[in-house]
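The values are calculated or read from the model by the stated rules, or taken from the named source; none is laboratory data. This is a predicted model, so every value here is computed, not measured. All Cβ positions, even for glycine, are placed from backbone atoms using ideal geometry, and neighbour counts span all protein chains on display.
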Amino acid sequence: MRLFGLTLLTMIAFAANSVLNRVALAGELIDPASFAVIRLFSGAGVLALIVLTRPGTKPALLTSRRAAGMAALLAYMLGFSFAYVSLDTGVGALVLFGGVQITMFAGALALRERVPAAKWLGALIAAGGLAWFLWPAPGTGIDPVGASLMGVAALGWGIYSLLGRGARNATAETAANFALAAPVSLLALLAVTPHLTLPGVALAALSGILMSGLGYALWYAILPRLAASTAAIAQLSVPILAAIGGIVLLGEALTARFIIAAIIVLGGIGLSVIAPRMRA
C-alpha cells in the first residue's frame, strides 16, 4: 500500500509538470529553452544541497551509465519543452506516453521480464482509453516537428526510467544526472531568442525544484521495486491527472468524455496491477 501511495504521489508530480509547462508556454511567459534550463538548474541545485548535507558516498560522475542518464534526461527535458510550442496538450500527452509505453515494454522484453496476459490487456485498455480521450478532433492538423520532438522526449524518459531500476542511491543518482545535464542544456539557448518574465521563471523553478528534482528522486527510489511494465502502465495515469489539474486549477471544463476516459484508463491500470497478484 505504501508503494502504491508513493507511486501515485510521483505521478501527481509528473502531471503537475505538464500543467506548469502548459501555463508557462501557452501564456508566453517564457521560451521553451529557458524553461528547460531553469528547470534543470533549479532541480540540480536542490538535489546537490540534499546530497552534500548527507553523510555517505557521493555518486561517481564519469561513468557510461551516468552519460546515458544525462543524455536521456536532456532528451526528455528539451524535447518536452520544445514540442509544446506547436503541439496541443492532449496530442503531446498522447505521443509522449504512447512512446514511453513502447520504450518501457520493449525494455521489459529485452530484460526478459515475464509480462502476464492480464498486464498486457490492462495496458491496452488503459492506452486505448487515453488515445480515445486525447485523439485530436477531425480536421485538426498535427505538427510533424512537434510530434517528432515529443517522440524524442518519450524515448528519453523511457530510457531514463529503465536506467532508474538499477539505482542504488536514488537521490544521489538523480542529483548526478541533473548536475551533468544542467550545464549542457545551456546550448539549447542558442536555438531561441530568450524570453523571460518573473512568473515564467517562477513556474520553471517550481517545476525544477519540487516536481522534477524531488519528484524524479522519488521515482528513482521506487523504480527498483516496480517491474518495468508496471512502471510503464502507471504513467498512463499522468495525462488524466494533468487533466484533473487543469479542471481544478485552470477552470477547464469537466466533460462526460473525460469521466468515461478516466474510468477506462484507471480500470485498465487496476486490471494490469491487481489481476496478476490475485492469480498469484
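Below is a table of values for the structure above.
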{"quantity": "Of the criteria (1) in contact with a Phe, Trp or Tyr (Cβ under 9 Å, 6 or more places away or on another chain); (2) surrounded by fewer than 16 Cβ atoms within 10 Å (Cβ to Cβ); (3) within 22 Å of Gly5 (Cβ to Cβ); (4) of a type in the set (A, V, I, L, M, F, W, C), which one Ile244 fails", "calculated": "(2)"}
{"quantity": "Options Arg65, Arg22: the member that is of a type in the set (Lys, Arg), at negative phi, crowded, with 16+ Cβ neighbours inside 10 Å and within 21 Å of the chain's Cα centre (by Cα)", "calculated": "Arg22"}
{"quantity": "Any hit, region 125-148, residues being modelled with pLDDT under 80 and polar (S, T, N, Q)", "calculated": "yes"}
{"quantity": "Within region 191-207, considering residues that are crowded, with 17+ Cβ neighbours inside 10 Å and among the aliphatic types (A, V, I, L, M), the one nearest to Ile30 (Cα to Cα)", "calculated": "Val201"}
{"quantity": "Sole exception among (1) hydroxyl-bearing (Ser, Thr, Tyr); (2) surrounded by fewer than 21 Cβ atoms within 10 Å (Cβ to Cβ); (3) under 16 Å from Leu20 (Cα atoms) for Ser212, by number", "calculated": "(2)"}
{"quantity": "Any hit, region 222-234, residues being part of a helix (DSSP H, G or I) and closer than 22 Å to Ala44 by Cβ", "calculated": "yes"}
{"quantity": "Which numbered condition Ser34 misses (of (1) within 25 Å of Leu162 (Cβ to Cβ); (2) assigned to a helix (DSSP H, G or I))", "calculated": "(1)"}
{"quantity": "Residue under evaluation Ala71, criteria (1) touching a residue at least 60 places away in the same chain (Cβ under 8 Å); (2) over 25 Å from Pro144 (Cβ atoms), criterion not met", "calculated": "(2)"}
{"quantity": "Neighbours by Cβ (under 8 Å, 6+ apart or cross-chain): first from region 228-242, under 27 Å from Thr255 (Cα atoms); second part of a loop (DSSP other than H, G, I, E, B)", "calculated": "Ala234/Leu226"}
{"quantity": "Residues of region 1-25 satisfying the condition of being small (Gly, Ala, Ser) and in contact (Cβ under 8 Å) with a residue 24 or more places away in the chain", "calculated": "Ala13, Ala15, Ala16, Ser18, Ala24"}
{"quantity": "Set Val201, Val248, Val184: member being modelled with pLDDT under 85, in a helix (DSSP H, G or I) and of a type in the set (A, V, I, L, M, F, W, C)", "calculated": "Val248"}
{"quantity": "Failed item, numbered, when Arg277 is tested on (1) under 30 Å from Leu109 (Cα atoms); (2) surrounded by fewer than 19 Cβ atoms within 10 Å (Cβ to Cβ); (3) modelled with pLDDT of 80 or more", "calculated": "(3)"}
